[in-house]
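Student: Dropping a structure here in structure tokens format, bear with me for questions.
The values are calculated or read from the model by the stated rules, or taken from the named source; none is laboratory data. Keep in mind that what you see is a predicted model, and the values were worked out from it rather than measured. A quick note on method: Cβ atoms are made from the backbone with ideal geometry, for glycine too, and the neighbour counts reach across all protein chains shown.
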């Protein structure tokens, strides 16, 4: 197998990605926008969660979203129902977003007009982990229907994230979700990681999450001003 | 972005993979074993489905399974409850199995002693699509909780598969799963694709699937003898 060469080429792509991500982060800081990215396996509920979050935040904040997928504009159409500015990035065969794609998508948007920018990555628990997008906070989502052991099976992506969000809690009883086991999985991969439990369908936990985001934005701006 | 070079290197890896996959397929044919691979996103229920399938088939058939994951031996432990021979392949950071890994894992197994060999791939809807493992039949699973549009968003993997299996049908009502939309998604990506609907939890649809596998094995052996 030509593994070593593959790895070497990937390393170059990553290095270039890091340079662009650093520039993006600097740009976000300058504009005072707080950037949140979302990673998860396909079908974990990223888009539903994000649509609700955009809707909830809008009375108080100016929000926008980028959303990545291999194909279709479905998610952008769904997110646009929130009335927030939304742009789809289609990656073709690539299983992750790269910083250059984010930079490109933001070209005709004025970051000064945003409080929060959300970046929904391609649904994948492997590929996105090593690509910095310049975000301030990376959320990893897992739905109760996926089982409790996902952090143990995909440790890298849980390690690359800042906060875990357990979604679809309305189905927890139906799938006999074991909260203790899930918590143990997360903590053994990333000790001390904050975990939110919520259901975008019933609204359970959504307010707590919104409060958390508001605090994060305030912190971000107070640091940016120093 | 150094995309073109990346693609070129990948092509070489794939070519080598195809050579090994062809050798594996020949070996499987010679031994009269029918090889079924499973792909899906993480948490779609591959392992539960496979554990039940192994258990159901065993009174009549000799079965075995290989299971791929980035980390942990969890799935092999779960599958071993079926009493079938099971081997875990841990891929490290690779988001798919390769033919060489299958070849290596099979070294100390006698294929003559098997009717069915199952290969559960790493949970991923992108990476495994282009790697032939020498299998006779590739199943793509999607759970009702993931939503109806997964085939549209991940067309390549649905196109690379032979049969679709919709899992966790016991949760279909709870998530208001739209069968018609799901069927439309599958058919628009791969017209004519056979779709099974089942729940490994309640057993719904499992017998039909077992009958299907038995027929496939019989066909396979009658062709192999020509």
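Student: Among the residues of region B:164-213, which ones are in contact with a strand residue (DSSP E or B) (Cβ under 6 Å, 6 or more places away or on another chain) and without any contact (Cβ under 8 Å) to a residue 40 or more places away in the chain? Walk me through it before giving the result.
Tutor: Our first condition is that a residue be in contact with a strand residue (DSSP E or B) (Cβ under 6 Å, 6 or more places away or on another chain); within region B:164-213, this holds for B:164-169, B:186, B:193-197, B:205, B:209.
B:164, B:166, B:169, B:186, B:193, B:194, B:195, B:196, B:197, B:205 - these are the residues of region B:164-213 that are in contact with a strand residue (DSSP E or B) (Cβ under 6 Å, 6 or more places away or on another chain) and without any contact (Cβ under 8 Å) to a residue 40 or more places away in the chain.
Student: Among the residues of region A:75-88, what is the count of those that are touching a residue at least 12 places away in the same chain (Cβ under 8 Å) and either within 13 Å of another protein chain (Cβ to nearest Cβ) or surrounded by fewer than 22 Cβ atoms within 10 Å (Cβ to Cβ) (or both)? Break it down into steps so the answer makes sense when it comes.
Tutor: Within region A:75-88, the subset touching a residue at least 12 places away in the same chain (Cβ under 8 Å) is A:75-76, A:78-79, A:81-88.
Cutting the leftovers down to either within 13 Å of another protein chain (Cβ to nearest Cβ) or surrounded by fewer than 22 Cβ atoms within 10 Å (Cβ to Cβ) (or both) gives us A:75-76, A:78, A:81-83, A:85, A:87-88.
Residues meeting the conditions: 9.
Student: Then there's this: Is there a residue in region B:156-165 that is within 14 Å of another protein chain (Cβ to nearest Cβ) and more than 12 Å from the chain's Cα centre (by Cα)?
Tutor: Initial filter on region B:156-165 (within 14 Å of another protein chain (Cβ to nearest Cβ)): B:156-160.
Next cut, more than 12 Å from the chain's Cα centre (by Cα) only: B:156, B:159.
Within region B:156-165, one or more residues are within 14 Å of another protein chain (Cβ to nearest Cβ) and more than 12 Å from the chain's Cα centre (by Cα).
Student: Same structure, new question: Looking at residue B:36, is it under 15 Å from the mean Cα position of the chain (by Cα) and within 14 Å of another protein chain (Cβ to nearest Cβ)?
Tutor: So residue B:36 does not fit the description; no.
Student: Still on this structure, I have one more. List, please: which pairs have Cβ atoms under 8 Å, are six or more places apart or on different chains, and start with a residue in region A:11-30 that is over 15 Å from residue A:107 (Cα atoms) and within 14 Å of chain B (Cβ to nearest Cβ) and end with one that is at pLDDT below 95 and part of a helix (DSSP H, G or I)?
Tutor: Final answer for the pair search is A:13/B:6; A:14/A:130.
Student: Right, here's the next one. For the list (1) assigned to a loop (DSSP other than H, G, I, E, B); (2) buried (at least 18 other Cβ atoms within 10 Å of the Cβ); (3) without any contact (Cβ under 8 Å) to a residue 40 or more places away in the chain, I need the number of the one condition that residue A:59 fails.
Tutor: The failed condition is (2).
Student: Take region B:13-30 and flag every residue that is touching a strand residue (DSSP E or B) at 6+ places or on another chain (Cβ under 7 Å) and under 16 Å from residue B:127 (Cβ atoms). First the steps, then the outcome.
Tutor: Initially, region B:13-30 is screened for residues touching a strand residue (DSSP E or B) at 6+ places or on another chain (Cβ under 7 Å), giving B:28.
Across region B:13-30, there are no qualifying residues.
Student: Scan (1) within 14 Å of chain A (Cβ to nearest Cβ); (2) under 17 Å from residue B:210 (Cα atoms) for the single condition residue B:118 breaks and write down its number.
Tutor: Checking residue B:118 against (1) within 14 Å of chain A (Cβ to nearest Cβ); (2) under 17 Å from residue B:210 (Cα atoms), the one that fails is (1).
Student: So how many residues does region A:125-134 have that are in contact (Cβ under 8 Å) with a residue 60 or more places away in the chain, within 9 Å of chain B (Cβ to nearest Cβ) and either surrounded by 24 or more Cβ atoms within 10 Å (Cβ to Cβ) or assigned to a strand (DSSP E or B) (or both)?
Tutor: 1
Student: Another question, if that's okay. Suppose we keep only residues that are crowded, with 17+ Cβ neighbours inside 10 Å and closer than 21 Å to residue B:119 by Cα within region B:166-194. Which one would you say is nearest to the other protein chains (Cβ to nearest Cβ)?
Tutor: This residue is B:168.
Student: Another one. Would you point out the residue of region A:90-109, among those that are surrounded by fewer than 20 Cβ atoms within 10 Å (Cβ to Cβ) and assigned to a helix (DSSP H, G or I), that is farthest from the other protein chains (Cβ to nearest Cβ)?
Tutor: Result: A:105.
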